[in-house]
Amino acid sequence: MKWWLLISLAVVMALASCHGERMSDQVITQNDAFTLTGDSLIEGGIVATAATPLHIESGLTRERLDSIAAAYARQSGNDGLQPAFVGGRPWHSSGVNQRYPQLDMAQHLLSALHNMSIDHIAAASTGARFDANGDTIGLYCAIYLSLAHLDPARSRATLQAMVSGGVIAPCGDSPANASRLAWATAAWEVYVATGDRSWLQYLHTVVDNTLRQDCRLLQDFDYDLMHGGAGQRPASFYPAWMSAADVIASMPLCTNVLVMRALEIMGEVDEELGFTHDHADNAQRLKAAINQHLWSERTGRYSAYLYGSVTPLRAPIVDNLAQSLAVMWNIADDDRAATLIKKTPVNHRGLPVIYPWSPPVEPYFSHPTWPAIQALWTLAAASVDNEEMMRRGMASLFRAQALFQSRHITTAHFHPNDLLCAASNQAIMLRTLAGLRFMPDGLEINPVIPLCLPGEKVFHNIKFRQLTLDLTISGTGNDVQKITLDGQPLESGFLPATLTGNHKVHVTMQKGNSTHGVTITKGNVAMPPTPDVVWTPDSGCIVNYVVAGRYMLMENGRFPHTLSQMAFPLPDSASGITEISVAMANKYGFGFIARPLMIHRDPIEKNLGGIMMKADTATVTIGVPQAGTYLLQVDYTSTGRGPCDALLVDVNTHPQGALFMPFCQELGSSTWLKVNLLRGDNHFLFVRPGFIPPSSTPTQLRLVKR
């Protein structure tokens, strides 16, 4: 080992021995788990280094990996998380890829991780388009993060292949999932990268068609939010008692953030093409609803979703992918963004997919969107000038790449998404360190260079439309002191899209206004267990009752009663519908509520046998004694294993939403929808959307006043 590397490692080990959470200016991150500098990573007895930008050497042996895996398995109770070598040889490149941007910087490990990421992107670019490998959302995210700008032609072909019949293909087999609108964010980046007006027109048609489907199916007219499952999420994201219908009825932050951004993009497309639509106004309404219903002033974070039927509650967890996007897309406005970044707990090895995380496992092995979450969180932290959190986000991704990706290490049942991890790395390099912001009318340059990365950083061969750029950045900080184009001073860092040819930009940085502060969680913070309640007509019994626990009885979204025994009587309800449940609290706060009990008083019922469905359309007239909001509950039987069935519901010609009927083997399945009725006769119209094949038969209708 070269003498300079021995000295470097000695310095790093000395820094790593420091106690406390204070961030040293000589390292990117140092904490109780690992220490990362620009040249080396130390974790326990493992050292990963890069003597040159073309080779990463890791001391991660099979024995050491097995001991790490055993510790993770003990924590999670899941022996299936045992890692296994695939290949196992350290990453080495024969040379810098000249097709993509190159990076020269004093920090060899970061340069090597950049080159390794470029190699993975180049290896995935051998065909006409990128391969999703079963992770469609991950591919959308990779294109959005950086692939649209690194390889716009393949990104465009990839996105076109995911359109069927003029709409974005569903993610999974359920129509109740607006996650597919992540396509819009990726497609917009392709337009920004190319300026292709024909692609812009195509984008407008596809996204407009998809929004019409999703908004008609999923909109909640009381809350102005969108229903639907939250897409690819860990099993612990929803409480175990929630059925498929309960999941669809939830209103997730991630779904609503994606729909809001799709509407916002359509507003920009309308402006570019000279169209007059209400997309921009609808985006602002949805943004306001997100902040009204999902933001918690008490915690300074967004809830992952609303759940429940009569009065939806905020879920006691956070979705950090959605939170990152909320910051980046200015949904978290005013002081919310800075507060969220500072108050969302991170652990030493990275931002968890959800918080609290359960089970407490190594982030790199836990979920395929983990690299993207680290990158998005880093970009979000940089956008609010929180350097400390930005450094932690960078270090978490770079650690996983240096330790695991450089050795092609996977788990027995999960293969990390190398393309997504590479695209995430490039997002940090290009969007944060290089400070590139790609826009329809040009390129803005505004780097953010933390104090721990001194020395010049030179990006070669950055391409934007007909422009090829060499970008040199001197100094550290988040404020541009001076910027020149081909040696001539510029008033700002904006380069118009009309600029063509080869050019050189030099940026000198200085320290500007910045914020600090992080919330560290050491180990896993456990939510209280979800109560398991057995209900009778007049009482409830908590089967997993903990004597020292604190239990609250929920009644229509409120918690008016404390429970001191495992058995308790039900509250009186004179009329209408009452949703009863129980929640437990600990130091963390309240956990999930138990499976609710719905108490109906004086329901109005109608047999739907023989009425539903004639030509996929049916009309029913029902009289009610007073006007107001009612819960429409429909029993149904599943007739096939096709995609989730659905019925659009209009009352007195006004849209009310959709009834979703997911496949269920049990008889007596039911689904529900809130409807607004007039006193007297109300005319119901049920219509099965033409793009959803029938797979269920409604049997009984029930109306109860809320």
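None of the figures in this text is laboratory data; all of them are computed from the coordinates on show. Here the structure is a predicted model, which means the values were calculated and not measured. Every residue, glycine as well, gets a Cβ built from its backbone with ideal geometry; the counts of neighbours run over all protein chains shown.
Some observations on this one:
- Over all pairs of different C-alpha atoms, the stretch 129-337 has a mean inverse distance whose reciprocal, the Kirkwood radius, equals 17.4 Å.
- Exposure proxy order (Cβ contacts within 10 Å, fewest to most) of Asp333, Asp39: Asp333, Asp39
- Cα gyration tensor category, rounded, prolate or oblate, for the chain with a/c compared to 1.5: prolate
- Local electrostatic count at Ala402 - Lys and Arg +1, Asp and Glu -1, tallied over other residues with Cβ under 12 Å: -1
- Each of Leu181, Ser198, Phe221 was placed along the dipole of the stretch 129-337 (beta-carbon charges, centred on the mean Cα), and the one lying farthest toward the positive end is Leu181.
- DSSP H segments from the chain that extend 18 Å or more along their own axis, Cα-based, with Kyte-Doolittle mean of 0.0 or above: 3-16, 108-123, 182-194, 253-273, 370-383
- If you wrap the tightest convex hull around every Cα atom of the stretch 604-705 and split its volume per residue, you get 86 Å³.
- Along the stretch 37-42 the Karplus relation, 6.51 cos²θ - 1.76 cosθ + 1.60 evaluated at θ = phi - 60°, assigns HN-Hα couplings of 10, x, 10, 8, 10, 10 Hz to successive residues, with x for each Gly and Pro.
- For Pro152, net neighbour charge (Lys/Arg +1, Asp/Glu -1) across residues whose Cβ lies under 15 Å away: +4
- For Lys482, the aspartates and glutamates whose Cα falls under 15 Å of its own Cα, not counting residues fewer than eight places away in the same chain, are Glu444, Glu456, Glu491.
- Over the chain: helical MRE at 222 nm, DSSP H runs n ≥ 4 each giving -39500 (n - 2.57), nearest 500: -9000 deg cm²/dmol
- Listed residue (Gly540, Ala585, Ser564) projecting farthest to the positive dipole end of the stretch 527-599, Cβ model: Ala585
- More than 14 Å apart - percent of Cα-Cα pairs taken over the stretch 527-599: 54 percent
- Checking the Cα-Cα distances for Lys511/Lys587; Lys287/Lys343; Lys342/Lys511; Lys343/Lys504 against a 30 Å cut-off, the pairs over it are Lys511/Lys587; Lys343/Lys504.
- Normalising the average separation of contacting C-alpha pairs (under 8 angstrom, six or more residues apart) by the number of residues puts the relative contact order of the stretch 527-599 at 38 percent.
- Within-15-Å neighbourhood charge of Asn446 [Cβ basis; K, R +1; D, E -1]: 0
- Counted residue by residue at 0.36 nm each, then reduced by the alpha carbon distance between them, the extension gain from Ser93 to Ala280 reaches 62.6 nm.
- The gain in end-to-end length when the Ala288 to Thr619 segment is fully stretched comes to 115.7 nm, 0.36 nm per residue minus the alpha carbon separation.
- Nitroxide proxy distance, nm - points 7 Å out along Cα→Cβ at Val458 and Lys482: 1.9 nm
- Label point distance in nm, Ala128-Thr508, each placed 7 Å from Cα along Cα→Cβ: 5.1 nm
- In the stretch 214-309, trypsin sites (Lys or Arg not before Pro) in a DSSP loop with at most 13 other beta-carbon atoms within 10 Å: Arg298
- Each of Ala123, Ala337, Phe404 was scored by the projection of its Cα onto the charge dipole of the chain, and the greatest displacement toward the positive side belongs to Phe404; charges sit on the C-beta of Lys, Arg, Asp and Glu.
- Test item: Cα-centred dipole of the stretch 604-705, Lys/Arg +1 and Asp/Glu -1 on Cβ, debye: 140 debye
- About the centre of its Cα atoms, the chain shows a dipole size close to 780 debye [charges on the beta carbon of Lys, Arg (+1) and Asp, Glu (-1) only; nearest 20 debye].
- Our estimate of slack between Asn209 and Trp241, defined as 0.36 nm per intervening residue step minus the Cα-Cα distance, is 8.1 nm.
- Using C-alpha pairs below 8 Å separated by at least 6 residues, the relative contact order for the chain is 12 percent.
- Between the amide H of Lys674 and those of Leu632, distances stay under 5 Å, these residues lying 5 or more places away or on another chain, with hydrogens modeled in the peptide plane.
- Qualifying trypsin sites (Lys or Arg not before Pro) in the stretch 561-659, where qualification requires a DSSP coil assignment and no more than 15 other C-beta atoms within 10 Å, comprise Lys587, Arg641.
- Summary value for the stretch 604-705: 46 percent relative contact order, contacts being C-alpha pairs under 8 angstrom separated by 6+ residues.
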